[in-house]
Structures are given as structure tokens and as C-alpha cells.
Amino acid sequence: MTGNSEGVAQEERAPLNWPVTIVFGLTFLAAVTIVPWYGFTHGYSSWAWVFFGVFAVLNGVSIGSGYHRLWSHRTYEAHPILKGFLAIFGGMALQNSIIVWSARHRVHHRDVDDNDKDPYSIGRGFWFAHIGWMLRDYKSGEIDYSVVPDLYKDPVVAWQHRWYWTLVWATNVGLPLLLGWIVGDVIGVFLLAGVLRLVVSHHGTFFINSLAHMWGSQPYTDENSARDNHLLALITYGEGYHNYHHLFQSDYRNGIRWWHLDINKWFISTCAMLGLARNRKRVPQFKVLRARLNMEFKRARAKLEKAQDNAGAGWREQLENEYAQFAETVKEWQHLQMERMQLGKQKIAEKIETETASLTARYRDLERSLKLQHKRVALLTAQVTF
Ligand SMILES: [Zn+2]
Ligand SMILES: [Zn+2]
């Protein structure tokens, strides 16, 4: 963690942001008192529960697939219809406009764990990263609009920014009241689909800034505090694979295996099938494997460091042999990348086609060799017990 502790201490006395504190405080209070009380005394209709579930999912997916993966990181392109949908239900989540949210999030990635610059740095504790950063006007939370010039050009984003508060009132109060009136349960729908849904949706997202920087594994990098966590992924629609995401933020996926619980990835892919999304960016498999192996070598070395002088000598040699082989594979891959770039410059279509097929085969070979090595190194590390 970096950061100037004196600066942070001064920041703790930053002025309280009353409107935000009151909204968070009152909605939370209502969710833990009035909502259960009304349930016990009057009961909720099935419709109230259905609207609660549907809006909670729509908010979560719009923040994850829209605010986060589409606008903050531009990991795919979306049709205006999809953008409109994500802007409306993302706005309903009451987490500020796309522009403000993305500006802070881009700074979070750029200056992650820097207590003076990261708006929700985990170095300042769970409470601060979770919600505290919004309750006071901290210097680290100032919005740097210079990091989102691209977003102003997006008409849907500009429209949402302009009408943000109208959208918030219409979706959080107007919509639940209207639906409640239609199904004959005005108070029930308002309390579940309005109040409880807002609080659940808030804290679901906030966990990504707090718990996803504290709790879980670091398979790809330990250069920052972000963690991968299956349980968090489940309640955040896939955003819990945060270690991967911080290293490969241009990837539209956060959970890269087919069985990873990444609902946002499945949502974006479904939209792509329907023609509403395109150009989904993926990080090459080789780079992902390279990051994993790098971490495994780092861990294995740290484990051997702890070993007594002679006990680890045999393992050390094996490990260094593996590492030399790994470095060789990476070098070959880099050569291949250069070859592909040069090939891309050649305009002779026929040649490109034949060459590309052989290049693809060589890429696959290198990926396969990293996968095998990944297994060997894992086995080797597991055997080292001191
Ligand atoms: Zn991100
Ligand atoms: Zn993060």
C-alpha cells in the first residue's frame, strides 16, 4: 500500500456528504425495520417478490455489463437499444451517472491501492472501501472528468447524465408505485421492489470494492489487492473474479472458465447472439496462462526460500529448469507475435490465409506447452512440504 498517512488523516475530517449519508442511512434503516415489520403484519404479494427479484437482477447486470464492462472498460460494443436498457436500469441502481461512475472506476484501476488517489482504496479499511468513501467529500473521491472524454461522445451516456435525477425518481419511486397499483399491492411492491431492492443492489456492488479486495485468491497477480472469489461472483453477477479483472481489464469476461459464475459474461454473449453486442474483447489464452505460471513460480520460490539450506536443493534445481523452459516458451510466443504483426502489414491476401493457418497451429502448440507446464509446476509445488 502506498499513500501519505498525514494526508489521509486530514482527509478523515473531510466534510460529511449529507444527502448521500441520509439516503444510505434511511434506506438501510427502512430495509431492516419497516420491510420485515410490514411482512410480518401484512404480508407481501407474490408480485412484490417477483418485481424485487427482477429489478435486483436488472440493476446488478446493468451496472456490471453496462456501467462497468461496456462504459468503464469498453470491452465490447453495444447496440443503442441495449445501451438505453443498461443506462435506465443502471441509473435505477442509484450509483451516480455512467460518466461519474466510470470516471471514478478508471481512476480506481489506474491508481489501485494508492490511499491518496484510489477513490475506494482498500488500504483505508473495509468500511471506507465499502461505503465510507461516499459519505464524506474526500479529495480522493473528486471526479476527474479528463479520464472519460470518450463517454461524452456517446449520446446515450450524455442523455443519461442530463436526465439522471429524473430517471432515479421515475424508476425508484414512480415505477414501483405504478406496478404496485396495477397488481393491487402498492405498499408491498414499493417496500420490496423499491426500498429493499435498492439496498440489496447497493451493497452487492459495494462488496466488489471492499470484499473483492480482501477475501479470495490471487491466481494472476499479487501486484494489487484484488481477489478472485466464487461466492462473491455469485452475488455480484460475475464481478467477483476481481483478480483476473484487475490484470486484464480489457476482457469482457471476468470469470474465464465455462463453469465460472459470470452472469454478466453470459448476458453479454446472449446479447451478441441477438445482434445487440459485438466485438467482445478477450485476452489471448497464452497471456492468461503466462500470468498464472508467473504467479506459481513466484509462490514456489517463496516456499523454497523458507526451506532449510539443503532440504530444498533438489526442488530448487527442478523449479529453475521449469522456469528456464517457461522463459523459452514466452520468448517463442513473442517472436510469433512479431511475425503476425509483420504478416498483417503484408497485403497479399492469399499468402496471409495460408500463413495464418500455420501461425494458429504454432500458437496452439505454445498454449498446450504452457498448460502442461502449469500442471507440472503445480504438482512440484504441492510436493514441496517443509
Ligand atoms: Zn473494472
Ligand atoms: Zn477493484
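Is it true that residue 86 is of a type in the set (A, V, I, L, M), touching a strand residue (DSSP E or B) at 6+ places or on another chain (Cβ under 8 Å) and either surrounded by 22 or more Cβ atoms within 10 Å (Cβ to Cβ) or in the same structural domain as residue 51 (by TED's automatic domain parsing) (or both)? Give the steps one after another, and end with the answer.
Details: of a type in the set (A, V, I, L, M): yes; touching a strand residue (DSSP E or B) at 6+ places or on another chain (Cβ under 8 Å): yes; either surrounded by 22 or more Cβ atoms within 10 Å (Cβ to Cβ) or in the same structural domain as residue 51 (by TED's automatic domain parsing) (or both): yes.
So residue 86 fits the description; yes.
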Test set (1) within 16 Å of ligand 2 (Cβ to nearest atom); (2) surrounded by fewer than 17 Cβ atoms within 10 Å (Cβ to Cβ); (3) part of a helix (DSSP H, G or I) - residue 166 fails condition number: (1)
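Any idea which of 251, 222 is among the acidic types (Asp, Glu), within 16 Å of ligand 2 (Cβ to nearest atom) and open to solvent by 10 Å² or more (accessible area, probe 1.4 Å)? If you could, list the steps in order and put the result at the bottom.
Working: 251 fails: open to solvent by 10 Å² or more (accessible area, probe 1.4 Å).
So the residue among 251, 222 that is among the acidic types (Asp, Glu), within 16 Å of ligand 2 (Cβ to nearest atom) and open to solvent by 10 Å² or more (accessible area, probe 1.4 Å) is 222.
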Enumerated helices (runs of 4 or more DSSP H) restricted to the stretch 190-282, each holding at least 1 residues that are farther than 30 Å from residue 28 by Cα: 242-247, 263-273
Long-range neighbours under 8 Å by Cβ, at least six apart or interchain, first residue within 14 Å of residue 66 (Cβ to Cβ) and in the same structural domain as residue 65 (by TED's automatic domain parsing) within the stretch 260-272, second hydrophobic (A, V, I, L, M, F, W, C) and open to solvent by less than 30 Å² (accessible area, probe 1.4 Å): 263/61; 264/61; 267/61; 268/277; 271/78; 271/82; 271/277
Count of the stretch 208-225 residues which are within 20 Å of residue 134 (Cβ to Cβ) and within 14 Å of ligand 1 (Cβ to nearest atom): 5
Tabulated pairs, the stretch 363-375, first assigned by TED's automatic domain parsing to the domain that holds residue 293 and under 15 Å from residue 324 (Cβ atoms), second in a helix (DSSP H, G or I) and aliphatic (A, V, I, L, M), C-beta under 7 angstrom, 6+ apart or interchain: 370/289; 370/293; 373/293
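Identify, from the list 193, 291, the residue that is away from ligand 1 (no atom under 14 Å from the Cβ) and either open to solvent by 20 Å² or more (accessible area, probe 1.4 Å) or in the same structural domain as residue 321 (by TED's automatic domain parsing) (or both). Full working, then the answer.
Details: 193 fails: either open to solvent by 20 Å² or more (accessible area, probe 1.4 Å) or in the same structural domain as residue 321 (by TED's automatic domain parsing) (or both).
Result of the check over 193, 291: 291.
Hey, does the stretch 95-109 have a residue that's more than 18 Å from the chain's Cα centre (by Cα) and outside any strand (DSSP E or B)?
Within the stretch 95-109, not a single residue is more than 18 Å from the chain's Cα centre (by Cα) and outside any strand (DSSP E or B).
The values are calculated or read from the model by the stated rules, or taken from the named source; none is laboratory data. Note that the coordinates shown come from a computational prediction; the quantities given were computed from them, not determined experimentally. With ideal geometry, Cβ positions are generated from the backbone for all residues, glycine too; neighbour counts draw on all protein chains shown. Ligands, DNA and RNA are excluded from the accessible area calculation, which covers all protein heavy atoms including side chains. Shrake-Rupley method; radii C 1.70, N 1.55, O 1.52, S 1.80 Å.
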